[in-house]
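Colleague: Below is the structure I would like to discuss, written out as structure tokens.
Bear in mind these aren't lab numbers, they're just calculated from the coordinates by the rules spelled out. All values reported here derive from a predicted model rather than from experimental measurement. Quick reminder, even Gly has a Cβ in these numbers, built from the backbone with ideal geometry, and neighbours come from all protein chains shown.
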Amino acid sequence: MTLTIGPLRAEPGQKTRGSLPADLGTTTVEVPLILVNGSRPGPRVVITGGVHGGEFIGVDAATRLAGLLEPNEVAGQVVICPVANPPAVYGGRLNISPLDGVNINRVFPGDKDGGPTDRMAAWLFENLIDGADSYVDLHSGGIDQHLLDFVGYRLTSDDELGGKIKAMAHAVGYERVIFGTSPDGGNSHAAANRQGVPAILVETGQLGDRDPATVRRLLDGLYRLLHHLGVIEAPQHLAPVTVQPRDWIWTGEVESPVAGLWYPDAATGDEVTEGQTIGRIIDPVDGAEHKVAAVSTGTIIYSMNGLSVRPGTHLAAIATPHD
């Protein structure tokens, strides 16, 4: 079966590289794509990196995977988009797009008649995610964020879909598998789930890391996942998983109530209790101090490393094991 996305085509046993234009209203961007059409029938798996700027591990790993996968080793089709949000990747270094200041991972599945970021999200869904058998969105801790590796997924009322999603999340082989209890929201994987596509989020690395060893860790996870999905045979080069994946549940997210300078008193990986002071925001004008407390009990999974914050800035996310 021919794999076709726009004018890009890959026949069975063929790999095709190219880019497609995405009209964002105020500008048009080129979205890079690599189509790997296997020599045998199987599922269609879509992998995106670069949804956010400043998150380099996913972009690097997706690019490397596209070069390593050979069609004669693949059953089914793998669509790889290493830079899913070019304005943010090339023009910004944080989660928001420089075109409109919007975080694309809050507006999926987007709006083709909306602003630039809504249009970008809608383009990705229309051209890549709709019709996929599985979807994997690669993220990492950006240049201002400490983060523990984890796989994220959402609960769903569809038991069959939920079973596929959870199995995908565990197949990556990361120790922390953290689920959200609501299917709602504008995250890419949540929006894909609502359209019946099993989807997960994979977070690897922190502080804008681009170290080859970190990229290798993510690549190994992707190979495990592709094997689980029946796309590739079990690679012989993979080291055995030394920890068993464990389900965690998000318990709270701490946001900055004011603008100022952030001085954390608790670090990523620390255990905190609800009400505990985890940092202070200092007003640079008069030196006034605003204490920030944990909103729940658990482990800090990611936290803000940057100094300057504004109202709504995510300072920490907290989760706890769910056995």
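Colleague: Running a GNM on the chain with Cα contacts under 10 Å, which residue among I300, I282, I232 ends up with the highest mean-square fluctuation?
Modeller: Between I300, I282, I232, it is I282 that shows the largest mean-square fluctuation.
Colleague: Mind putting a number on the dipole of the chain about its Cα centre? Charges go on the C-beta only, +1 for Lys and Arg and -1 for Asp and Glu, and I need it in Debye to the nearest 20.
Modeller: Value, rounded to 20: 740 debye.
Colleague: Springs between alpha-carbon atoms under 10 Å, Gaussian network over the chain: tell me which of G141, G114, G76 tops the mean-square fluctuations.
Modeller: G114
Colleague: Moving on. Spelling out what I want: for every residue of region 279-284, take phi, set θ = phi - 60°, compute 6.51 cos²θ - 1.76 cosθ + 1.60 (Karplus), and round to whole Hz; glycine and proline get x.
Modeller: These are the phi-based 3J(HN,Hα) values: x, 9, 10, 9, 6, x Hz.
Colleague: Residue by residue, what Karplus-based ³J(HN,Hα) values in Hz, rounded to whole numbers, does region 118-129 have, using 6.51, -1.76 and 1.60 with θ = phi - 60° and x for Gly and Pro?
Modeller: 4, 5, 5, 4, 5, 4, 4, 5, 5, 8, 10, 7
Colleague: Rounded to the nearest 5, what % of DSSP beta bridges with both residues in the chain are antiparallel? Numbers along the way, then the final one.
Modeller: Numbers: 48 of 71 bridges.
Of those bridges, close to 70 percent are antiparallel.
Colleague: Let me know the Kirkwood hydrodynamic radius for region 77-190, please, with Cα pairs as the basis and the value in Å to one decimal.
Modeller: About 15.4 Å, per the Kirkwood formula over Cα pairs.
Colleague: I need the shape label for region 97-163. Rule: rounded when a/c is under 1.5, else prolate if a/b > b/c, else oblate, with a, b, c from the alpha carbon gyration tensor.
Modeller: Judged from the Cα gyration tensor, region 97-163 comes out oblate (a/c at least 1.5, b/c at or above a/b).
Colleague: I've got another one for you. Gain in length, E274 to E70, computed as 0.36 nm per residue apart minus the alpha-carbon separation, to one decimal in nm?
Modeller: 68.5 nm
Colleague: Counting each pair of different Cα atoms once, what's the Kirkwood radius of the chain in Å, rounded to one decimal? List each step's numbers first, then the result.
Modeller: Numbers: mean 1/r = 0.0496 Å⁻¹.
Value: 20.2 Å, from the Cα pair sum.
Colleague: Between T242 and R9, what's the calculated FRET efficiency when r is the beta-carbon distance and R0 is 30 Å? Round to 0.05.
Modeller: That pair, T242 with R9, gives E of 0.10.
Colleague: Can you tell me which of V292, V36, V78 moves the most in a GNM of the chain? Springs connect C-alpha atoms under 10 Å apart.
Modeller: Per the Cα network of the chain with a 10 Å cutoff, V292 tops the list.
Colleague: Shifting gears a bit: Across 5 Å bins from 0, what is the distribution of all Cα-Cα pair distances for region 214-284, in whole percents?
Modeller: 3, 10, 15, 14, 10, 9, 11, 11, 8, 6, 1, 0
Colleague: Taking region 165-323 as the region of interest, what is the percent of Cα-Cα pairs per 10 angstrom bin, listed from the shortest bin to the one with the maximum distance?
Modeller: With 10 Å bins starting at 0, P(r) equals 10, 30, 33, 19, 7, 1, 0.
Colleague: Then there's this: Can you tell me how much longer the chain between H322 and M1 gets when fully stretched, taken as 0.36 nm per residue apart minus their C-alpha distance, in nm with one decimal?
Modeller: The span from H322 to M1 would gain 111.3 nm if fully extended.
Colleague: Principal axis extents for region 1-131, Cα atoms only, whole Å, descending order, please.
Modeller: Taking the Cα atoms of region 1-131, the three principal extents are 43, 29, 21 Å.
Colleague: A further question follows. Could you work out how far the C-alpha centroid of region 53-75 sits from that of region 158-217, in angstrom?
Modeller: Here the answer is 17 Å between Cα centres.
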